[in-house]
Amino acid sequence: MRREDFGKGFVWGSAVSSLQTEGFIQEGGRGKSIWEHFYDEDPKRIQHTHGDPFRACGSYRLYPHDIAMLTGAGFGHYRFSLSWPRIMPSGSKYLNKRGLAYYNVMIDHMLARGITPWVTLYHWDLPQALQEKGGWQKRDIIHRLEEFAYVAGRYFGDRVKNWMVLNEPSVFTGAGYLLGIHAPGVRGLDPFLHAAHHAVLAQAAGARVLRETVPDAHIGTTFSWTHFEPLSQASYHRKAADRLDALINRYFLEPALGMGYPDEAARILHRLGHQLAPYDNRLMAFDFDFIGIQAYTRQIAAAAPWQPVIRSRIIPAEKRKVPLTAMQWEDHPEALGKTLLALHLRYPQLPPVYVTENGIGLEEVPGDLNDSRRIAYYSKAIESMHRAMREGANVQGYFAWSLLDNLEWAEGYKPKFGLVQVDFNSLERRPKQSWHWFREFLGGA
Ligand code: BGC
C-alpha cells in the first residue's frame, strides 16, 4: 500500500482534542468544564491518573512541538477541538479574549508551517456553568451551541475552513447520560433520550450557523461507528444486530441526512412516550459537505428477548477469546473498511466521508517506543479503507487518532493511542515506531 494509491488530493492528518491534550486548565482565564466537576465529585471516576488527570500533554504551551511532530511525519492536516470553557468560561455571552488569542496564535502557527486546521467545535468539554442549567438534557443547549458556533466562525473562520460540529454524539450522550461513566455522570434512559435528541438537533443547528458565518466553510460533523456483526446468520441474531445498529449508529446519522430517526428507533421513542416538537424532523437535517466517521472495532450482537426495549446484547470481546486492546476492544482493524463499505451501500446520498479518527489504544511503558502492534493495526486499517474505496466508498481523508498519548477520558492514561509518546512528568515528546512508519508511508521530512 502506497500513499499514491489514494490519489493526490487525499487528506492525511492526525487528531487530538482540547481536554485530552491541552492541560494548563487554570491558565488563560479558562472556565471549568464538566470533566473537572465529574472528577471533583468522585476522583474514582477517572482511573490511572498519576495525580492530576487534567495535566494532559501540556499542548496549551507546547503546541509548537506537536505541530513539528505532524510536519515531521508528513501529515498536512491537524484535527483539534476548541475548548468551549476557554473561549466562553461561563458557556455563554462573555468572551475570554485570552482563550480566543490562544487559538488565533496556534492556528497562525500551523498555517505558517503548511498544516491545514480541521476544527471540532464540541469534543465533550462542556462548560460546567451550562451543565448547571441542565446541559444536554435541556433544549436551550441548542441555542448555546449556536452561540458558540457563531463566535468560533467569526473569530477563526477567516483561516479555518474545515469544521466539524460535534464529536461522536452517541458516545457523549450514551456514556454521559445513559451509563453515567463519562461526565456529567447522569444515568437513565430518559436523560439519554433527551440529550441525544438535543445533540441531533444541535449538530444541524451549529452547522447552519457556521454556514452563515463562514460562507466558504467545508462543514461536517463526526459519528462514532461500531461495526455490528450477528453471532450467527440466524434471523433473530441478525435482527438483534440491526436493532443495535439502529440505536447506536444510525440514530445519529440518519436525522442529519434528512431521513428522520430510523424506524426501529422511532418505534422505541414512541413507546417511551417521546414526542418530537413540530418541525423537529426538518430541523435535524443539514446538507453537510462531509461526514466524519470514527471506527475502531467491531461488536458481536445476539438476540436477548429478556432485555427491555432493545432485546439484544453485545457479547463482550473478552468473552470471545479474541486479541484485545487496552480498551478491552477487539483488535480488529478491518472494521474500518467494513464500516465504510456498509455506509456506502446503505446510503447512496451520503456526502463524502473523512475518517476523522481511527487507531488503537495499547498499554505501553515509558521509554518503549517499539509499538509494532500499532503499525500492524494502522497498515491493516488503511488497507481495508482502500478496499472499501475500490468498491465505491467515497472517502477523501484519514486522521490517525492520536498524534499524542493523552487523557483517555475515564480510562485516564493507561490506554495509549499516540504516534508520539508523552512523558507525563517532563512533557517531553518522543516519536514511536508508528510515527516513523507514517513518515515512511507519507514521505515526511
Ligand atoms: C473519541 C476520542 C477517544 C477515542 C478513543 C473516540 O471515541 O472521540 O476522544 O480518545 O475515541 O477512545
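The values are calculated or read from the model by the stated rules, or taken from the named source; none is laboratory data. The model shown is predicted, which means the values in this text are computed figures rather than measured ones. All Cβ positions, even for glycine, are placed from backbone atoms using ideal geometry, and neighbour counts span all protein chains on display. Protein only, heavy atoms only, side chains kept; ligands, DNA and RNA dropped before computing areas. Shrake-Rupley method; radii C 1.70, N 1.55, O 1.52, S 1.80 Å.
Some notes on this structure:
- Flag for Gly418 being under 16 Å from Gln20 (Cα atoms), within 16 Å of the ligand (Cβ to nearest atom) and surrounded by fewer than 16 Cβ atoms within 10 Å (Cβ to Cβ): no
- Some residue of segment 164-175 being open to solvent by less than 10 Å² (accessible area, probe 1.4 Å) and more than 16 Å from the ligand (Cβ to nearest atom): no
- So Leu427, is it within 15 Å of the ligand (Cβ to nearest atom) and either among the aliphatic types (A, V, I, L, M) or crowded, with 23+ Cβ neighbours inside 10 Å (or both): no
- Flag for Pro89 being in contact (Cβ under 8 Å) with a residue 24 or more places away in the chain, more than 16 Å from the ligand (Cβ to nearest atom) and either open to solvent by 10 Å² or more (accessible area, probe 1.4 Å) or touching a strand residue (DSSP E or B) at 6+ places or on another chain (Cβ under 8 Å) (or both): yes
- Qualifying residue in segment 292-314 (condition: over 30 Å from Lys161 (Cα atoms), open to solvent by 70 Å² or more (accessible area, probe 1.4 Å) and not in a loop (DSSP other than H, G, I, E, B)): yes
- Index of the failed condition, Lys138 passing every other in (1) under 18 Å from Phe80 (Cβ atoms); (2) open to solvent by 60 Å² or more (accessible area, probe 1.4 Å): (1)
- Close contacts from segment 31-49, counting a first residue that is at pLDDT 95 or above and a second that is among the acidic types (Asp, Glu) and surrounded by 18 or more Cβ atoms within 10 Å (Cβ to Cβ), with Cβ to Cβ under 8 Å and a gap of 6+ residues or different chains, come to Ser33/Asp125; Ile34/Asp125; Trp35/Asp125.
- The number of residues in segment 1-55 that are within 15 Å of the ligand (Cβ to nearest atom), open to solvent by less than 20 Å² (accessible area, probe 1.4 Å) and in a loop (DSSP other than H, G, I, E, B) comes to 4.
- Selection count where residues are part of a loop (DSSP other than H, G, I, E, B), more than 14 Å from Leu404 (Cα to Cα) and either free of Cβ contacts under 8 Å to residues at least 24 places away in the same chain or open to solvent by 70 Å² or more (accessible area, probe 1.4 Å) (or both), scope segment 344-366: 3
- First in segment 198-226 and open to solvent by 10 Å² or more (accessible area, probe 1.4 Å) and at pLDDT 95 or above, second anywhere and hydroxyl-bearing (Ser, Thr, Tyr) and not in a loop (DSSP other than H, G, I, E, B), Cβ under 8 Å, 6 or more apart: Val209/Tyr150; Thr213/Tyr150; Ser224/Ser170; Trp225/Thr339
- For first residues located in segment 381-395 and touching a residue at least 12 places away in the same chain (Cβ under 8 Å), partners that are outside any helix (DSSP H, G or I) and of a type outside the set (A, V, I, L, M, F, W, C) and lie 6+ apart or on another chain with Cβ distances below 6 Å form the pairs Ala381/Pro333; Ala381/Asn358; Ser384/Glu334; Asn394/Pro352.
- Enumeration of residues in segment 262-276 that are assigned to a loop (DSSP other than H, G, I, E, B) and without any contact (Cβ under 8 Å) to a residue 60 or more places away in the chain: Pro262, Gly273, Gln275
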